[in-house]
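First comes the structure, then the notes that go with it.
The values are calculated or read from the model by the stated rules, or taken from the named source; none is laboratory data. These numbers come from a predicted model, not from an experiment. Ideal geometry is used to build each Cβ from the backbone, glycine not excepted, and the neighbour counts take in all protein chains shown. These accessible areas exclude ligands, DNA and RNA; they are computed on the full protein's heavy atoms, side chains included. Shrake-Rupley method; radii C 1.70, N 1.55, O 1.52, S 1.80 Å.
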Amino acid sequence: MNDAEEPLDGGNSNPDVVRVGDTVRRVAGRWTPAVHQLLDYLNERSYPAPRPLGFDDSGREILSFIPGRCVHPDALELIAEEEGLTRVGRLIADYHHAQQGFVPSDDAIWRDEGRDPSGSTEVLAHNDLAPWNLVAGPSGWVFIDWDLAAPGRRMWDLAWALHSFVGLWPDSPLDDAMLARHIAAFCDGAQLARSEIPKLLEVVVERTIDHAALLRRRAAEGDQHFVRLVAEGHAAAWEGGARHVEANRPVWCALLRE
């Protein structure tokens, strides 16, 4: 094995991520043992996910490396059409089915960032199902970065994914009719009935507002990582995304009923 460390794009939640040979090393947290239990459970049920391989001498978690292209920013064409969005939705539905029956240990700890505030335990939500956490490789599509997993509503998990994969942003190049088709394609794959889409869009607004509030709250507490994110406009962008969905939800729902 090549022991050289190769920095990887680690996202905004855990930026210190490196590749060592066929493994990924990440800074561990109090939640890591519970996440590893979940990943072991998924692998036992043949759901595609990184395999936990313990910890290294520095205390970092070790995960199997998933080869392929990260959909964002390297393969956005894979989700530009309805077929790709349906495939993403199906992968998420498969996860929500696969995690059924998982019982974490009594001392399991989950992270708070992105966690559903409702207190629901309907599913163990991934909480960051997005193009930047989806790897398209030779063996299929695989979600990575499971460190935000925590109990929550299924709708909470789907809301973040819908907004992120379909791109419900004010500057979207798609017209309302196309956006409605893309929303429907994703939800069909996710096994969400068309009658439930209006509710899902409500949760999209709730989820994005909650995320913006998290960014601003942690920045106000002096966390320099979140100070940087707010300064770069991330909170304002999510707030704008929430307003856009709230304003256009009636239009999209009307188109979905046609």
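Going by the alpha-carbon gyration tensor, a ≥ b ≥ c the square roots of its eigenvalues, is the range 52-133 rounded (a/c under 1.5) or, if a/c is not under 1.5, prolate (a/b greater than b/c) versus oblate?
Oblate, since a/c reaches 1.5 and b/c is not below a/b.
Enumerate the whole-percent occupancy of each 10 Å bin, from 0 to the last occupied one, for all C-alpha pair distances of the range 187-258.
All Cα pairs, binned at 10 Å, distribute as 20, 38, 24, 16, 2 percent.
How much accessible area per residue does the chain have, counting only protein heavy atoms and a probe of 1.4 Å, in square angstrom?
For the chain, the solvent-accessible area averages 47 Å² per residue.
What is the magnitude of the charge dipole of the range 1-124 about its Cα centre, with +1 placed on the Cβ of each Lys and Arg, -1 on the Cβ of each Asp and Glu, and no other charges, expressed in debye to the nearest 20?
Charge dipole of the range 1-124: 160 debye, to the nearest 20.
Which of [x] 0.93; [y] 1.00; [z] 1.27 is the computed Cα Rg over 2.2 N^0.38 Å for the structure on display?
[y]
Counting Lys and Arg as +1 and Asp and Glu as -1, each charge on the Cβ, what is the dipole of the chain about the Cα centre in debye, to the nearest 20?
460 debye
Rank 68, 43, 33 by how far each Cα sits towards the positive end of the charge dipole of the range 27-100 (+1 on Lys, Arg Cβ; -1 on Asp, Glu Cβ) and give me just the farthest.
Of the listed residues, the answer is 33.
How much space per residue, in cubic angstrom, does the convex hull of the C-alpha atoms of the range 1-119 take up?
So the per-residue Cα hull volume is 147 Å³.
Of 167, 219, 4, whose Cα points farthest to the positive end of the dipole of the chain (charges on the beta-carbon: +1 Lys, Arg; -1 Asp, Glu; origin at the Cα centre)?
Positive-end residue among those listed: 167.
Please compute one quarter of the surface area of the Cα convex hull for the range 19-59 and express it in square nanometres.
3.1 nm²
I'd like the FRET efficiency for residue 97 and residue 40, computed as 1/(1 + (r/R0)^6) with the beta carbon distance as r and R0 of 22 Å, rounded to 0.05.
0.80
Quick check: pseudo-label points 7 Å beyond the Cα along Cα→Cβ at residue 109 and residue 220, how many nm apart are they?
In this crude label model, residue 109 to residue 220 measures out at 2.6 nm.
Return the distance in nm (one decimal) between the two label points of a simple spin-label model at residue 258 and residue 90, each offset 7 Å from Cα along Cα→Cβ.
Once both label points are built, they end up 2.7 nm from each other.
Once both axes come from the Cα atoms, what is the angle between helix 82-98 and the longest principal axis of the chain, in degrees from 0 to 90, rounded to 10?
It is inclined by approximately 50 degrees.
With +1 on each Lys and Arg Cβ and -1 on each Asp and Glu Cβ, and nothing else charged, work out how big the dipole of the range 120-258 is about its Cα centre, in Debye to the nearest 20.
160 debye
Pairing the Cα long axis of helix 197-220 with the longest principal axis of the chain, what angle in degrees results, from 0 to 90 and rounded to the nearest 10?
Helix 197-220 sits roughly 50 degrees off the main axis of the chain.
If you keep only loop residues by DSSP, which GluC sites (Glu not before Pro) in the range 169-232 have at most 16 other Cβ atoms within 10 Å of their Cβ?
221, 232
Can you tell me the 0 to 90 degree angle between the C-alpha axis of helix 176-189 and the longest principal axis of the chain, rounded to 10?
50 degrees
Could you let me know the centre-to-centre spacing of the range 27-43 and the range 184-221, using Cα atoms, in angstrom?
25 Å
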